[in-house]
Each structure stands twice: as structure tokens, then as C-alpha cells.
Amino acid sequence: MPAVGMVNTTLAMYSDYAFHSAVAVYLFAMLLHLGEYARTRTVREVPAAARVPVAVGAGSTASDPAVPTDPGFAAPPGSGGPAGRPWRERFGRMAVSLTIFGALLQVASVALRGLAAHRWPWGNMYEFISAACLMGVLTWLVVLWRSPGAARLRPIGAFVLLPVEVLLFLAGTSLYVKAAPVMPALQSYWLIIHVTAISVASGLFMVSGVASVLFLVRRYRRPTGWLTMLPTADALDRAAYRITVFAFPLYTFAVMCGAIWAEAAWGRYWGWDPKETVAFVVWVIYACYLHARSTAGWRSGMAAWVSVLGFAAVLFNLFFVNLVTTGLHSYAGLG
């Protein structure tokens, strides 16, 4: 058994390597997703006078112009052709494969961090952000896997990986701390239960927030250019709602576990500490979203705005409350 307080520096080093590798892989995956948009072409309609009749039986009707039926999958000569897979689809498939590889690297990073410090690896902001982003990526992959029209949903991956990249960059630079044992206040089995539930719910809320933002863009902007690559507004709204339906009970469970832990640590269940207060505000916002989503008149645009506000509150609770305010949860900041 390792001595209490000892850290395996070799495992910690490999954890950092895996973390930075995952960030790089996610970046390449995001660029490949953007390549799907770059290869999108709008096929101009051929004037009737310029249409060349084709012999019946040659694969087309006499009045059918030689124009692809799906502009988004139109491929120029040398880019795949009818017999090959279009470049847009190739980019998307490679992006998903890299995302899976990046998630495996991040799983390795989290596991090695825990083994290096001989504890559950959710003890500070660096570790929490890494875990929440991992849950967000895994949520996206599960949504993509379970969706009937996976090819249609796939381009959303660029927008899911964007906040993941930003958060992981901040975690790996400004918020990074070396692997070390946690302070006595965090040495409890409630750290495993409470913080794990919060990190999973936060990752789910990130994906639902991205879907809600894209829903608003799709709804209020004319679908031209790259917007034609996005799923329909109904599909985005449905995805955000279903993810939130799963995340909200988990977040509720996490808040309840936090209250029980607070009673064991500080002798009271609730004290309106800044982090507790904002956590309650987040809960209220998502409760309002679920209620609005089932109310006529709020089922479309207004409910999506509430979802975006909820994710903004999650980020506010993570950064502002941890780094700016002073309270009983201040130890959860940088170390």
C-alpha cells in the first residue's frame, strides 16, 4: 500500500501526456468537422434551355438534368465520385473516429490521475473540468450512436467540441494543478457520489445547451450556406429536451447529496453559501425549462432561451463562484 500523501509522479506525468494528447486530438476532430462545412457546395439549377436530353434507359429520364439530387453531397471530379464516398462524409467519419480516440485518451488521463494521487480524481477545478468535458463528449457520442439519422446529426460535433476545447485549454493552462492528495474536508465518500453526479450532469447540460443554441440559429436565420448542414430545428429542440430530461434528475440527486454532505461536514444541510445558491438557481432554471417545454406557446423559441440561460448559469457557478467569491466551497478552486 502506498503511504498516505505520496504521489506517483510517473503516473501523474503520463496522465498529463494523455490529457494534452486528448486536447490535440479533439482539435483535429473539430477541424475535420469544419471540413464538412468547407466541402459543402450549392448546385445551381440548370436552365431549361441548357438541359441535355438523356436517352431513356441510360440511368435517367429524358427530361432529367445531370444534376445531383443532394447538393450537400455533390462531389466534384476527383473527390470520390459516384462510386466513392464523398469527401464531406469522409471528413465527418474521420472526425467521429478521432473524437472516440480522444475520449479514450481522456479516460486514460482521468484514470491515471486518480491512480497517481490514490484518490477519486475530482478534487479540484482542473480535474472537475476534465471530467465534465469527458462526460460531454461521451454524451455526444451516445446521442450520435443512438440517432437514426446519425449522418445528419454528425456536423453538430464541431459545435460540441468547441466548448470542450475552450474548457480543456483553460483547465490545462490557467487552472492546472499537480496531482496531490485533497484536503481533509474533501476526504469523504461523498466526493465520489456528489461530484461525479455533478460532473455527469454538467456534461449533459453542455450538449443540451449547444443543441439549444443551434436550434435558435436554425429557427431565426434563413437556412442558407453552412446552415443547411444542420439538422432541422425540431430535431435540435428534441435532442436538447431529451438530454435535459435525463440530466435534470441526476443534477437534483447531486444537489441532495451535497446537502447531506454539508450536514456531515458543517452541521447544516443548507446555508445559502454562494455555490449552494447558484446551484439552486441552476436547478430552478432547468425546472422552468422542462415546464416551459410542456407549455403551449413556450415549446419552441422561448424554452430554448431558458435552456441556454441554464447552461450559462452552470458556467457561472463553475468559474465565477469558484474563483471570485468567498465561501465554504472556496477550497474547490485551484487546489
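As a rough footprinting exposure proxy, the listed residues His291, His118, His194, His33 were ranked by other beta carbons within 10 Å of their own, and the order from fewest upward is His291, His118, His194, His33. A full extension of the chain between Ala38 and Ile192 corresponds to an added length of 51.1 nm, given 0.36 nm per residue minus the alpha carbon distance. Look at the alpha carbon pairs under 8 Å that are at least 6 residues apart: their mean separation over the length of the stretch 260-317 gives a relative contact order of 32 percent.
For the stretch 205-280, trypsin sites (Lys or Arg not before Pro) are listed when DSSP marks them as loop and at most 16 other Cβ atoms sit within 10 Å of their Cβ; the list is Arg221, Arg268. Each of Leu104 and His291 was given a label point 7 Å from its Cα along the Cα-to-Cβ line. The distance between the two points is 4.6 nm.
With 0.36 nm allotted per residue and the present C-alpha distance subtracted, the Leu323-Thr9 stretch has 110.3 nm of extension available. For Phe320, the shell of other residues with beta-carbons less than 15 Å away shows a net charge of -1, using +1 for Lys and Arg and -1 for Asp and Glu.
One chain, two ends: Phe280 and Leu162. Fully extended at 0.36 nm per residue, the span grows by 39.8 nm beyond their Cα-Cα distance.
A Förster radius of 35 Å combined with the Cβ-Cβ distance from Val245 to Tyr17 puts the calculated FRET efficiency at roughly 0.40.
Each reported figure results from applying straightforward, stated rules to the coordinates on display, with no laboratory input. Predicted model only: the values in this text are computed from it and were never measured. Don't worry about glycine lacking a Cβ; one is built from the backbone with ideal geometry, like all the others, and counts go over all protein chains shown.
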